[in-house]
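Below is one structure, written out as structure tokens; comments come after it.
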Amino acid sequence: MYLMATKNQVMRKNELTKLKHTIETGKRRISELDLIISRIYEDNVLGKISDERYYRMASMYETEQKELIKTISSSEKELEKAEQQNIDMRLLLKTLRELTDFKELTPTIVNSLIQRIEVHNNDKYDWHCHVKVDIYFTAVGMIDIPDEKEILDILNKI
């Protein structure tokens, strides 16, 4: 768990700040576009710009605004998902602390620790069937088991 936490901590922090920045700048630009559209409308009404020019500019700004709304919506969903993963990580750590010395693997324990299990098609070679199984743990995903050198490096850091 320490390995996974240190590995993903910096990446998640950068990702979260980038998402928050995207959302903030997008919302700011949408409000700016509202002002611009209202100004060009007033200019059109006052006769400062032609109707044709107004329609081209308004459609351009409205297209940009629609794209920004889509981008903000997807960024907010990603941010929510990232925050949910953080909550899942806390729940996983809590569960692991409670269940550090279990003797039997029960369905409750499996459901709290494992998000999903993928069983792939079997491969036959050397007269044997080999089936690949991927286990995705809650809030962590698939874990790459570290080699001896990585473990020793982590223990030295601790």
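The values are calculated or read from the model by the stated rules, or taken from the named source; none is laboratory data. Just so you know, these numbers come straight off a predicted model, no measurement behind them. Note: ideal-geometry Cβ built from the backbone for every residue, glycine included; neighbour counts use all protein chains shown. Only protein heavy atoms, including side chains, enter the accessible area calculation; ligands, DNA and RNA are left aside. Shrake-Rupley method; radii C 1.70, N 1.55, O 1.52, S 1.80 Å.
Quick check on the range 5-24. Is at least one of its residues open to solvent by less than 90 Å² (accessible area, probe 1.4 Å), of a type in the set (S, T, Y) and either closer than 27 Å to T138 by Cβ or at pLDDT 95 or above (or both)?
Yes, the conditions are met somewhere in the range 5-24.
Return the residue satisfying two criteria in turn: it lies in the range 88-118 and is surrounded by 10 or more Cβ atoms within 10 Å (Cβ to Cβ) and more than 29 Å from R12 (Cβ to Cβ), and of such residues it is modelled with the lowest pLDDT.
The selected residue is L105.
If only one of S50, S38 is exposed (fewer than 12 other Cβ atoms within 10 Å of the Cβ), over 27 Å from L19 (Cα atoms) and touching a helix residue (DSSP H, G or I) at 6+ places or on another chain (Cβ under 9 Å), which one is it?
Values: S38 fails: touching a helix residue (DSSP H, G or I) at 6+ places or on another chain (Cβ under 9 Å).
It is S50.
When you go through (1) farther than 20 Å from R12 by Cα; (2) of a type in the set (K, R); (3) modelled with pLDDT under 80 one by one for K124, which number turns out not to apply?
So K124 meets the others, but not (3).
Could you grab the pairs with beta carbons closer than 6 Å, sequence gap of 6+ or different chains, first residue in the range 62-76 and over 14 Å from R28 (Cα atoms) and open to solvent by less than 70 Å² (accessible area, probe 1.4 Å), second one at pLDDT below 95 and of a type outside the set (S, T, Y)?
Filtered contacts from the range 62-76: S75/L19; S75/I23.
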